1. Which whole-Hz couplings ³J(HN,Hα) result when phi for each residue of segment 63-70 is put into the Karplus expression 6.51 cos²θ - 1.76 cosθ + 1.60, θ = phi - 60°, listed in order with x for Gly and Pro?
2. Relative contact order, percent, of the chain when contacts are C-alpha pairs under 8 Å separated by at least 6 residues?
3. Based on the mean of other beta carbon atoms within 10 Å per residue, what is the order of 70-76, 81-87, 8-14, most packed first?
4. Using only the alpha carbons of segment 1-86, determine the length spanned along each of the three principal axes and report them from longest to shortest in whole angstroms.
5. Which stretch or stretches of segment 145-165 have amide N atoms under 19 Å from the point lying 7 Å from Trp305's Cα along the Cα→Cβ direction?
6. Can you give the Rg to Rh ratio for the chain, taking only C-alpha atoms and Rh from Kirkwood?
7. Using Cα atoms only, what is the angle between the long axis of helix 320-335 and the major principal axis of the chain, expressed in degrees (0 to 90) to the nearest 10?
8. Net charge near Gly199, counting Lys/Arg +1 and Asp/Glu -1 over other residues with Cβ under 12 Å of its Cβ?
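None of the figures in this text is laboratory data; all of them are computed from the coordinates on show. If you're wondering where the values come from, they're calculated on a predicted model, not measured in any experiment. Cβ coordinates were reconstructed from backbone atoms using ideal geometry, including for glycine residues, and neighbour counts include every protein chain displayed.
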Amino acid sequence: MTESQIFDVVVVGAGPGGATAAANLAAEGLDVLLLERNRLPRDKPCGGGLSPKTYRLLDLDFDDLVLARPKRVTLQAPRYGPVTVESRTDSIWMIQRSAFDQRLVDHAIDKGAQLRTNIIVREVRAGDAAKLAEVETDGGYLRARAVIGADGSDSVVARSVGLRSHRDRHYILALEAETTRPANTPEEAAIIDFSLARGYSWFFPKGELCNVGVGTDDRRQFRQLRQHLARFVERHHLAFSQPLRVVGHKIPAWSRAEPLHRGNVVLVGDAAGVADPFFGEGIAYAVQTGRFAAAAVSQFCQGHWPDLTAYTISVQSVLARDLRFWSILSQVIYRAPSLSLRLLASNRLFQRLADQAISGDKSFSKTWKKR
Ligand SMILES: Cc1cc2nc3c(=O)[nH]c(=O)nc-3n(C[C@H](O)[C@H](O)[C@H](O)COP(=O)(O)OP(=O)(O)OC[C@H]3O[C@@H](n4cnc5c(N)ncnc54)[C@H](O)[C@@H]3O)c2cc1C
C-alpha cells in the first residue's frame, strides 16, 4: 500500500455493518475503501439466525443462502416445558455467516466499493470537516474524509478515538457449534432453552446442518458455559454423530445511549455495542446502524452537515428505545423464566405480541416494519 492514499470513506471491517455502510456510500458515488483483516469468505462465531427485522432491511437477493425457515420453536425453562409454539408472522431464516457476509461484501463491490483483505487496522486518528482522518494499517497509512468503525466487539477504531471505553463491563458471552443435524431432530423447529441464568441455549435447524449454542451476560456463568452447552445437548437428546467444534465470542449488548461518533469517525454494529440485550441478536442492528452511518457520512462528505452528530442522534432516537425495551424484557424474563414461558404458552395475546416484537411489527422503532 502506498503511503497516505486518500479516500472519501474508509470502512474498517467487512461484516454486515461495514459491508452495508460501504454498499450504501458507494451507491451514492463516494470513493469507498472497505478494509478487512481476514481473507474472505471468513467465518464468524454466530448462530446464523436472521429475524424478519434483518431480511426486511436488505435490498439484495440471498434466497439461495437460506438453509431453513423454521416457524415453530420448542421452549424450555427450569420448571416449565418443553412446549412448542408456532409463529404467525414471518419465520426466522437460517444462514451460514461465511456465505451471507460474502454476499453483502459482493453487493458492496458491485455498487463500486473497493475491498482490501488481509489488512489489519492498528490505529485511527479522528479529524473533522477540515482535517482528514488517518488510518494506520499493517501495510501503511491511509487518509479519509470519514472513517466507519465496523470492526466488531473488540473495535480498534472505538479504542483509538476514545469511544465506548466502558465496553468490557457489559456483554453477553456466547458459544456455538455448527455441525450435521442429528437424525432425531425436527427439520422445522428450533429449540430455545432458558435453563441457564440470564441467558439461553439454542438449537437451530439448517437443513442437513444445525447450530447449537449458549450465551449469557452473567459473568458467574462464563467459566461453565461449555458444561451448560453439554447439559443442553443431553437434556434435548441431541444425538450428534461427531464431537462439537465449539467456538465463542462476545456479543456487545446495548446497555445505554452514548456518543457513537468523534470528529469524522463513527461506529456501527458490534463496534457500537448495539446488539439486542435479550436474544443477543446483532445482525439486524449492524445492518441498520450501517445504513444510518452511510446516510450521515454521505451528508457530511458532501458538505451538507458540519459534523456527524446526526448519526448518534439517529441511533438514539430510532434504535435506543427499541433496545431499551429488550433490556427491560430481559430483566423481567430472566427473573422468572418458568412463569414467563407458562404465560407465553397459555396466552395467545402474549404469543402474538412476542411474534410481533421479534419480527419488528410491533416495536418502538418504525424502522423494522414491513415495507
Ligand atoms: C456465538 C454467537 C452467536 C450469535 N448468533 C447470532 C444470531 O443468530 N443472529 C444475530 O443476528 N446475531 C447473532 N450474533 C451476533 C452477531 O454475530 C453480531 O452482532 C454481528 O456479527 C455484528 O456484525 P458487525 O458487522 O458489527 O461485526 P462483525 O460481524 O464482527 O464483523 C467485524 C469485521 O471486522 C473485522 N476486523 C476486526 N478488527 C479489524 C481490524 N483491526 N482491521 C481490519 N478488520 C478488522 C473482522 O475480521 C470482521 O470481519 C451472535 C454472536 C455470537 C458470538
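1. 3, 5, 8, 7, 8, 6, 9, x
2. Reported relative contact order: 22 percent.
3. Values: 70-76: 18.7, 81-87: 16.1, 8-14: 28.6.
Descending mean neighbour count gives 8-14, 70-76, 81-87.
4. 62, 25, 22
5. Residues passing the 19 Å test: 145-151, 158, 163-164.
6. That ratio equals 0.98.
7. 30
8. Net local charge, Gly199 excluded: 0.
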